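**Student:** Pasting in a structure now, in structure tokens, and then I'll have a few things to ask.
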Amino acid sequence: MAPTLQSQSKELINVKLLLIGNSSVGKSSLLLRFSDKQWLPEDEASATIGVDFRVHKLEVQGRKVKMSIWDTAGQERFRTITASYYRGAQGVILVYDVSSRESFEALPRWLEELENYVSPEVVKIVVGNKLDKEYSRQVPTTEAAAFAARTGCLFVEASAKTAVGVTEAFNDVVTRIIDTPSLWREDKPKSSPRAAAGIMTGPTNSTAASGSMPGNIDLSQVQEEDMSGGCLC
Ligand code: GDP
């Protein structure tokens, strides 16, 4: 029997979101701010932050959504991310630091890498973090907005420190995903053929080449379990 509109709206929609971007742009801080409403002072953060994922439930347009939000946990330091990190993602949050031109200029490379692993319809948002550092801004808003529009991404500036724009960033992605039923109805988005074959781009290291996270944790399998979030290390 075909599902009624009412039963459809009660069904729990599982959404996988990824955070990517250069090291130190504030990916872990954005995740902590959004899911735990927490901010660690700058001097504590680098030593303490090592978030791998968080699960966050919310309602969007009357639909229950369970988001698993994945953090790279430092993999980007090796200039590559494993194929299994990308598998099954419906949304990607590309983070740069508004006070670091270099982190903004790395975005095309991150987008290029994405193309190898996720289908083109996956929702992407460019997030300019550290908006509180207006005094040392190196990337004008208009330039970043134009880049996002040109590359088919949503765009927002945010600050994990002050919480400005953070909820908006995550909500915008999820809303766009819910508006794209092919991303979550029945089949999950297909990985690109390269990802399915476990082919890596860019310089690889031994961890990346194995196609799994450090410690041989296969993220795609972990994601299937009912998670409450936390660190897997
Ligand atoms: P990641 O490597 O991209 O996950 O970055 P982290 O979340 O570990 O943050 C790197 C550093 O930037 C830490 O010292 C954070 O405290 C700091 N940071 C993160 N977000 C912000 C922000 O919005 N404003 C400011 N001023 N600092 C931030």
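FYI, it's all coordinate maths here, none of it is from the lab. Every value quoted in this text rests on a predicted model; they were computed, and no experiment measured them. Cβ: placed from backbone, ideal geometry, glycine included. Neighbour counts: every protein chain shown.
**Student:** Ordered by packing density, taken as the mean number of other Cβ atoms within 10 Å over each peptide's residues, highest first, how do 29-42, 132-145, 11-24 rank?
**Tutor:** Sorting 29-42, 132-145, 11-24 by mean packing, highest first, produces 11-24, 29-42, 132-145.
**Student:** Identify the residues of the stretch 154-180 with backbone N under 13 Å of a label point that sits 7 angstrom from the Cα of A145 along the Cα-to-Cβ direction, or state none.
**Tutor:** Output list for this probe position: 155-157.
**Student:** When you count, for each residue, the other Cβ atoms within 10 Å and take the mean per peptide, how do 105-118, 52-65 rank with the highest first?
**Tutor:** Per-residue Cβ counts within 10 Å, averaged per peptide and sorted highest first, yield 105-118, 52-65.
**Student:** Quick one: if you stick a label point 7 Å off each Cα along the C-beta vector at V164 and L12, how many nm between them?
**Tutor:** It works out to 3.6 nm between the two label points.
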